[in-house]
1. Got the relative contact order for segment 4-90 handy, in percent, Cα pairs under 8 Å and 6 or more residues apart?
2. What is the distance in Å between the Cα centres of segment 69-83 and segment 3-47?
3. For the pair residue 41 and residue 170, what calculated FRET efficiency results from E = 1/(1 + (r/R0)^6), where r is the Cβ-Cβ distance and R0 = 30 Å, to the nearest 0.05?
4. For the residue pair residue 119 and residue 159, what label-to-label distance in nm results when each label sits 7 Å from Cα along the Cα-to-beta-carbon direction?
5. Sorted from fewest to most neighbouring beta carbons within 10 Å, what does the list 153, 167, 1 look like?
6. Past the 16 angstrom mark, what percentage of all C-alpha to C-alpha distances in segment 4-90 do you count?
């Protein structure tokens with residue numbers, strides 16, 4: 001199989017279909033990354049912006065890396081930052097008024113919502129670089145070295161930030177309580 005680096009090289013040499021192959025390989029992963037960060041509706045628009053920006057900046061791609069996914073996540077992160085800066089603050093808060101009407105009262109659903117709220121709050125308290133490295137490694141399944149490439153930092157710095165993020169989450173009292181509760185439920189089953 002042709003590497004992403006080779007396809008980008010062929011694209012630069014005038015092969016119009018080569019960059020389309022890069023897009024088709026990574027569209028699902030980059031789209032999911034954007035949806036987790038900005039919501040599904042915004043992700044659709046952002047994804048097109050990512051491909052345009054990646055195409056326009058493909059000369060800057062370091063072809064010593066066969067896999068382009070970390071580079072594409074970096075392009076996506078830059079588009080997200082631009083999106084967040086351009087939005088009024090009130091637009092960044094989701095509309096939760098419709099939740100009350102169709103809310104499911106089952107305890108399992110409540111527990112799941114509580115779990116998500118605890119984890120989101122704990123993640124929000126992390127410093128931005130720690131959160132970025134952690135989410136790239138945990139949610140996007142990148143290696144620490146690839147996360148470092150996305151964030152344009154040395155791999156050692158990314159490893160340190162990931163360690164700090166994990167320690168901060170482990171030491172957060174509400175996360176520890178959540179883990180204790182989950183272990184209790186698991187043991188009782």
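The numbers here are math on the coordinates, done by the rules we state, and not lab data. Remember, predicted model here, so these are calculated numbers, not experimental data. Backbone-built Cβ (ideal geometry, glycine too); neighbour counts: all protein chains shown.
1. 36
2. Taking the Cα centre of each part, segment 69-83 and segment 3-47 sit 11 Å apart.
3. 0.30
4. 2.7
5. Least to most surrounded, the residues fall as 1, 167, 153.
6. So the pairs more than 16 Å apart make up 50 percent of the total in segment 4-90.
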